[in-house]
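Contents: one structure, followed by commentary.
The values are calculated or read from the model by the stated rules, or taken from the named source; none is laboratory data. Being a predicted model, the structure only gives us computed values, none of them experimental. Methodologically, a virtual Cβ is constructed for each residue, glycine included, from the backbone with ideal geometry; neighbour enumeration extends over all protein chains shown. Only protein heavy atoms, including side chains, enter the accessible area calculation; ligands, DNA and RNA are left aside. Shrake-Rupley method; radii C 1.70, N 1.55, O 1.52, S 1.80 Å.
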Amino acid sequence: LINLLDVLLKSEKMAVISAISKLSNIPYVVYAEPDYLYEPDIIPNDPDFEYLWGMPNINAPLAWNYTTGTKQVVVGLLDSGIDANHPDLRGNLWFNGPFFNGWNFVNNNPHPTDVTGHGTHVAGTIGAVGNNSIGITGICWNVQLASFKIGDNRIELAAAINAIYFANMMNIPILNNSWGGRS
């Protein structure tokens, strides 16, 4: 029956709607619809993607069909800094002249190096470069990550306030504040 229908459809060169109508009139056909083409969601080739609990649970692969971010967006991370040598992050680090990829508001210098790993972890969740066959994938594969170090194991409130003022001065309206609770 399938071969007969295939020949019938090809020989008459029917439009899809007409073909569905004709197929629906055949007594043994319960339902007819176009042969839609579906493309799977974008799944990155990063080897540790399967270990990321959050990405599938927030439907990131579905969103990646529409966008993987843009370098026009800068996200400031008020945290323990970012490892600037991390292979999944260095391509998305914000560089702005004398401020390099951010600022250390604890020691007042241009070295917001992460020594605890927390800021690097958060930066990876937000913006690890995706589909580069390395490590993990962030929510935004294309984004700029500005590192504003405001503490290591403890957050210094004065440093956090200065970082917020700095972000405002640099026109960075998106800030991630993963500080934890008071000790």
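Okay, here's what the table says:
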read-out: Residue match in region 115-128 (condition: under 23 Å from the mean Cα position of the chain (by Cα), under 20 Å from M55 (Cβ atoms) and not in a helix (DSSP H, G or I)); value: yes
read-out: V129 being at pLDDT below 95 and among the β-branched types (V, I, T); value: no
read-out: Which listed residue is more than 18 Å from the chain's Cα centre (by Cα), free of Cβ contacts under 8 Å to residues at least 12 places away in the same chain and open to solvent by 70 Å² or more (accessible area, probe 1.4 Å), from N153, N168, N162; value: N168
read-out: Some residue of region 5-25 being within 30 Å of L93 (Cα to Cα) and at pLDDT 75 or above; value: no
read-out: Which numbered condition N45 fails, given (1) of a type outside the set (A, V, I, L, M); (2) in a helix (DSSP H, G or I); (3) under 16 Å from the mean Cα position of the chain (by Cα); value: (2)
read-out: Some residue of region 139-156 being over 30 Å from T68 (Cβ atoms) and either at pLDDT 90 or above or in a strand (DSSP E or B) (or both); value: yes
read-out: Identity of the residue in region 52-85, part of a loop (DSSP other than H, G, I, E, B) and open to solvent by 60 Å² or more (accessible area, probe 1.4 Å), that ends up nearest to R154 (Cα to Cα); value: N85
read-out: Exclusive hit being surrounded by 16 or more Cβ atoms within 10 Å (Cβ to Cβ), closer than 18 Å to N171 by Cα, modelled with pLDDT under 95 and not hydrophobic (A, V, I, L, M, F, W, C), set N96, N101; value: N101
read-out: Test: residue in region 31-51 that is of a type outside the set (A, V, I, L, M), open to solvent by less than 40 Å² (accessible area, probe 1.4 Å), touching a residue at least 12 places away in the same chain (Cβ under 8 Å) and in contact with a Pro (Cβ under 7 Å, 6 or more places away or on another chain); value: no
read-out: Region 104-116 residues that are among the aromatic types (F, W, Y) and at pLDDT 95 or above, paired with ones that are open to solvent by less than 40 Å² (accessible area, probe 1.4 Å) and part of a loop (DSSP other than H, G, I, E, B) (beta carbon under 9 Å, 6 or more apart); value: F105/P112; F105/I150
